[in-house]
Amino acid sequence: MIIATTNIFLSFLAFLGNTLILVALSKESSLHPPAKLLYRCLAITDLCVGLISEPSSVVYWLSLVREDWKLCHHALKMSFLSYYILSLVSLLTMTAISVDRLLALLLGQRFGHAVTLKRTCVIVVIIWAFSITAGISHVINYRVAGWCSYGVVSLCIITATLSYIKIFCALRQNHVRGQVFFPPQPGEPVPLNMIRYRKAVNSALWVQLALIVCYLPYSIATGLFQSQNELSSLEFVVLESTVTLVYLNSSLNPFLYCWKIAEVRKEVKGAISKALSTLLGYSIQNN
């Protein structure tokens, strides 16, 4: 019941936090549109975790306690399938963000012409289509899908790691000062582009690290328990606790966006203030 209660809280937090982020991103205009689309995709994925995966997990635990095995079976399938698809979307999107930051470094002023909103939309569609197909194939043949997933996960981790290594090596050597493309703010001098680029890389890296920290325990646990036909009570609780840690990532990301991206933080504060003012005005009217 502790895990179920925790998931209820995380579900509410993921829904509220990512809704605010989506509202903020719809109003925020200084971020490069392709990068904003990728962050929006990530927020939608986290929102779906709060609306689908976590509630399904709660139903699973409650039906397990009540020994409603039919409902328990369906809830587990829904929870796992949605988690599987959404996790792939998150991982692929974060990899796309790391490549986006690297291309901004390598292409310089050509970045705006090469990385367009239309091309990024195509990539997002491909990410979702691939993830849904992988999820369906996992139901049909989980062994083949499992090995494919390990391949994709490994490729994403290697790609993101190499991208950030390349970025930080170049930044450290100061070979690209003033050459990174970033939409300048009105009246902003060109040298500040490098400062904004560093902040963009830093914020993306924090989100990437949070994903790794939250997903790594589950990956280790599944690797350890995969060969076992039946888990002990302790092993079962440990495995399910790592799943809850994965769900935590969807609730944690909105706080990271607000902490590391000043423009998003400003819009979220504005949205919260507006909502509180509306509620206060409604309350005063009723009284």
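Bear in mind that the values in this text are calculations on the coordinates, not laboratory data. Quick caveat: nothing in here was measured; it's all calculated off a predicted structure. Neighbour counts are summed over all protein chains in view; Cβ atoms, including those assigned to glycine, are modelled from backbone coordinates with ideal geometry.
Some notes on this structure:
- Per-peptide average of other Cβ atoms within 10 Å, ordering 194-204, 39-49 highest first: 39-49, 194-204
- Helix 233-260 and the longest principal axis of the C-alpha atoms of the chain enclose an angle of approximately 20°.
- Derived scalar couplings between HN and Hα for segment 126-138 equal 4, 4, 5, 5, 5, 5, 5, 4, 5, x, 5, 5, 5 Hz in order, rounded to whole Hz, by the Karplus curve 6.51 cos²θ - 1.76 cosθ + 1.60 (θ = phi - 60°), x for Gly and Pro.
- Tensor-based shape of segment 189-283 (alpha-carbon gyration tensor, a/c under 1.5 rounded, otherwise prolate or oblate): oblate
- Top of Ser63, Ser26, Ser154 by mean-square fluctuation, Gaussian network on the chain, Cα under 10 Å: Ser154
- Added length on full extension, which subtracts the Cα-Cα distance from 0.36 nm per residue, Thr116 to Val238: 39.5 nm
- For the listed residue pairs Lys166/Lys274; Lys166/Lys269; Lys118/Lys260; Lys118/Lys166; Lys77/Lys269, the alpha carbons are over 31 angstrom apart in Lys166/Lys274; Lys166/Lys269; Lys77/Lys269.
- The chain: angle of helix 262-286 to the longest principal axis, Cα-based, in degrees nearest 10: 60
- (1) 19.4, 58; (2) 19.1, 63; (3) 20.9, 65, with the label sought being that of the calculated Rg and Dmax of the Cα atoms in Å: (3)
- Cα gyration tensor shape of segment 1-145, rounded if a/c is under 1.5, else prolate or oblate by comparing a/b with b/c: oblate
- Estimated vicinal HN-Hα couplings, Hz - segment 13-25 in sequence order (Karplus 6.51, -1.76, 1.60; Gly, Pro = x): 5, 5, 5, 5, x, 6, 5, 5, 5, 5, 5, 5, 5
- Net +/- balance of residues flanking Ala160 in space, Cβ distance below 14 Å, scoring K and R +1, D and E -1: +1
- For peptides 6-15, 79-88, 66-75, sequence by mean Cβ density within 10 Å, most packed first: 79-88, 6-15, 66-75
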